[in-house]
Every structure is written in structure tokens, then in C-alpha cells.
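Each remark here refers to the structure printed beneath this line.
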Amino acid sequence: MFKVNDNFTRLPSSYLFSEVARKVKAFTESHPEVEVIRMGIGDVTRPLCPAVTDALHRAVEDEAHADTFHGYGPEQGYGFLISRIVECDYRRRGIEISEDEVFVSDGAKSDTGNIGDILSMTNRVAVTDPVYPVYVDTNVMGGRAGRLMPDGRWSEIEYLPCTSENGFVPALPTGNPDVIYLCYPNNPTGTTLTRQELEKWVKYCRDNGALLLFDAAYEAFIREDDVPHSIYEIEGAREVAIEFRSFSKTAGFTGIRLGYTVVPKSLTGCSRDGGKVSLNGLWRRRQTTKFNGASYLTQRGAEALYSEEGQRQVRETIDYYLENAGIMRRSLAEAGYECVGGVNSPYIWIKTPDGMSSWEFFDYLLERYHIVGTPGSGFGPSGEGYFRLTAFNTRENTVKAMSRLAGVKH
Ligand code: MLT
């Protein structure tokens, strides 16, 4: 009889957001009269901006004619998009990234999940806690996580707690990890790290031969000056870090899918015999084998984001979500909740009131106020006692949800 990948059988039976969706579905089916406001999974509600939809229409037209039709594209992305990424996301910030260091894909979730393909199974992994579950679950699938312990931690993963006790700033690891995941602005806490903090991490990785996997999916929400937009703003990061970017939350691409990953050519790992190996080459090999490139249409849509008009329209959309976040922060504070995030991020991280567990608070908000959020414990053991709300709903629903909570003092 054939064998399955046993690592999968070690995982909890469902992915966090699938579990939330299952509970919400059960609730709405048994309470069809109730209007539930969804602030759980970070899915956007604003439509694509006109610069993008115009470009998409033009691209569809291209595909309708033999002389402008595009079939398979380059696996790492079209030059017309990559050159805009290099210029607008990096060069304008004083960062030199070359075009062959950028790999366009169908999103940061896929890339952060797949990056383990090019890393040894024996690497020891560190994550901040709470953490975007994809980093942990894909390392379980890849056999790097060990056993699930009764406290919800995996035995071979180093967890770096981020709680109100340390101001949500992770301490440097002590367990000598080979691979470290950081996501800033952070999902789920919505907090950021200053330049000085990030410098510590880059130095740590350089001194200890560790790889930094830096997820910058929420970069477009940064509004404060001392928060770096890219890990490559930090000197020396090109030798230790891979950066993941996403168009999902930036430009409403959650449904049409697009992201990119930067793998500098100066970044090398070690082979079994101690030789140096370029990660750029390995990732290229991986992508050209397992991925046929993001669609021509989507890449034309993303290219339009970098036009002056596109940049302005996208900024307006993000400002809209950040204004929602401001409304939420103020309303939650008035109602007596302790919370962080929502300044350079669409996520607000709330301390659950009255010692409630994260899932108790989930049920309480859903049943009492018909608001859906995400239980903090779903993001890791240090998320217990916390709860995440997103600012991605409409203004109307955001105001409505907050008024449901108003007057309920905690
Ligand atoms: C989230 O809610 O954490 C995100 O939407 C999940 C994702 O980007 O995959």
C-alpha cells in the first residue's frame, strides 16, 4: 500500500481561517435573520481601482487577437512588471535590486509556504508568536516542526513571544535557529519594528549564519517615518534576507492573486558538503519547474498600479482602510478594550476582556454582537487571551460594528 506524507497527519485537522469560516457558517445557518459583520480573515472589500481595471480590459483585448496574444509567460514574471517593481518599490527608496532578483508569483502565501522546498529538512526554524499560521504549518508539512506538544507548541520550532509584556517586540532567539520568519507590519498584531530593531535582526542573522524570511505583505500600510518599508533598507540584509511582497491587501488582489519575492544573488546557503549555494538559483529552479508564471492579465493589472494615477488610487484605498482602523481603535478604547495595531496596519489586536479565552471571546462577539474576528490563540500559544479584528470591511459596517460594541464597558 502506498504511504502518505505523515507530516500532514500531524497537523490540526483544519487551517485557522477554515475553522472560523465553518463556525460562522453554522451560526448564520441557524440565525438567518441576523446580519453578521465579518472582520475575521483579512479579505478586502474595496473594488480594484480604475487604473487596474482599465489595464485589465486592455489586456483582455490583447488576448483576443492573434498578434497580441500571450500564452505561457516567463516563469519569474514579465519584464514590464519587474522593471516597475525594481524602480518604484526599491530604487526610489535607495535600494538596488536587480531584475533577475525579483520573482513574480500568485501571492505571498504561496511563496512563504513554498520557500521551504529549497531549504534543508534539518534546519531549525524560529517564528514570532503569535504568527501567520502558514509559516508554522508548512514547516510541519516539511518535517521540520517535531511533535505538537500539549501547550500548542511544536517541539522543534523556537517561538519568540510577542505580548503586551514585551511591547510586542520579539527578543532575539536563543536556540540557534537557521531560519527565522519575521512579518512586519505584523500579521496578526498590527505592530511594527523600528529600523534599529530590524538592524538587530539582520546583524543576528549575519553573525549566526541564519536566513531571514521577511514577509512585507502589509508594507503599503506603513505611515510612520521610522518604520522601514523593506528589509533591504537595512545594511547587510542582501546577504541574509528574502523578502515577500503581496498585491493582495495593497491593491485588492486577494481574488485575482499576485505577489512577488526578492531573492538577492548575494544570498548563499550551505550544501551538505559545505559548499556555498545561491538561493536565487535554487528558487529560480524551483519556480521554473513547479510554476508556470502568473497570468499576463494580472501582471498588466499590477503594472498599472505603478502609474501616477494608480499610485494615487491605491493610496486612497489604503487610507480608507486606515481610517476604518482609526475608528476601530478609538471605539475600542472608549469601550475599555486594550488594543494595539491599526496605525501602520489593517489589523487591530485586542486583549480579551475579563480573562476570556480567545475562542470564548470569538463566540461572545459572534453570538452577542454578530461580529466575526479571529481568535488570537489560532495564531500561536502567545495569542491566547487576544483577538484580531481587521479594518477591511466597508466604512458603514465598521461604524455599525463599533456602535454595537459601544456602551459595553470592559
Ligand atoms: C489573514 O487574514 O491573516 C490573511 O488574510 C491571510 C492571508 O493573507 O492569507
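Brief remarks on what is shown
- One residue stands out in the range 108-124 among those that are among the small types (G, A, S) and under 14 Å from the mean Cα position of the chain (by Cα): the one that is nearest to the ligand (Cβ to nearest atom), namely A108.
- Qualifying residue in the range 101-108 (condition: part of a helix (DSSP H, G or I) and in contact with a Lys or Arg (Cβ under 9 Å, 6 or more places away or on another chain)): yes
- The condition (being of a type in the set (K, R), over 27 Å from N397 (Cβ atoms) and exposed (fewer than 15 other Cβ atoms within 10 Å of the Cβ)) is satisfied by just one residue among K25, K3: K3.
- Matching residues in the range 384-405 - criterion: being within 19 Å of G341 (Cα to Cα), modelled with pLDDT of 95 or more and assigned to a helix (DSSP H, G or I): R395, T398, V399, A401, M402
- Every test in (1) touching a residue at least 12 places away in the same chain (Cβ under 8 Å); (2) farther than 21 Å from E233 by Cβ; (3) in a loop (DSSP other than H, G, I, E, B); (4) away from the ligand (no atom under 16 Å from the Cβ) is passed by P188 save one, and that test is (4).
- Members of the range 93-109 found to be buried (at least 18 other Cβ atoms within 10 Å of the Cβ), at negative phi and small (G, A, S), listed by number: S105, A108
- Residue satisfying condition, being within 16 Å of the ligand (Cβ to nearest atom) and over 28 Å from S155 (Cα atoms), within set L322, L389: L389
- Residue under evaluation T68, criteria (1) over 30 Å from G146 (Cβ atoms); (2) in contact (Cβ under 8 Å) with a residue 12 or more places away in the chain, criterion not met: (2)
- Long-range neighbours under 9 Å by Cβ, at least six apart or interchain, first residue without any contact (Cβ under 8 Å) to a residue 24 or more places away in the chain within the range 210-230, second surrounded by fewer than 20 Cβ atoms within 10 Å (Cβ to Cβ) and of a type outside the set (D, E, K, R): none
- Enumeration of residues in the range 367-376 that are over 25 Å from the mean Cα position of the chain (by Cα) and in contact (Cβ under 8 Å) with a residue 12 or more places away in the chain: E367, Y369, H370
- Residue list for the range 125-151, filter: farther than 18 Å from C162 by Cβ, crowded, with 18+ Cβ neighbours inside 10 Å and more than 14 Å from the ligand (Cβ to nearest atom): N139, V140, G142, R144, A145
- Residue in the range 52-72 that is within 16 Å of the ligand (Cβ to nearest atom), within 30 Å of P228 (Cα to Cα), β-branched (V, I, T) and in a helix (DSSP H, G or I) present: no
- Considering the range 329-357, and only residues there that are in a strand (DSSP E or B) and in contact (Cβ under 8 Å) with a residue 24 or more places away in the chain, the residue that is nearest to the chain's Cα centre (by Cα) turns out to be Y347.
- Pick from the range 1-51, criterion part of a helix (DSSP H, G or I) and hydroxyl-bearing (S, T, Y), ranking: nearest to G378 (Cα to Cα): S18
- Search result, residues across the range 258-281 that are surrounded by 18 or more Cβ atoms within 10 Å (Cβ to Cβ) and not in a strand (DSSP E or B): L258, V263, P264, L267, L279, N280
- Test: residue in the range 297-316 that is farther than 27 Å from L365 by Cα, among the hydroxyl-bearing types (S, T, Y) and surrounded by fewer than 20 Cβ atoms within 10 Å (Cβ to Cβ): yes
- For the range 345-355, the set of residues classified as more than 16 Å from F379 (Cα to Cα) and within 16 Å of the ligand (Cβ to nearest atom) consists of S345, P346, listed by residue number.
- For the range 12-42, taking the residues that are among the polar types (S, T, N, Q) and more than 15 Å from the ligand (Cβ to nearest atom), the one that is farthest from F221 (Cα to Cα) is identified as S30.
- Put simply, of S98, S105, S83 the only residue that is within 16 Å of the ligand (Cβ to nearest atom) and either touching a strand residue (DSSP E or B) at 6+ places or on another chain (Cβ under 8 Å) or at pLDDT 95 or above (or both) is S105.
The values are calculated or read from the model by the stated rules, or taken from the named source; none is laboratory data. Remember, predicted model here, so these are calculated numbers, not experimental data. Glycine gets a Cβ as well: all are built from the backbone with ideal geometry, and neighbour counts include every protein chain shown.
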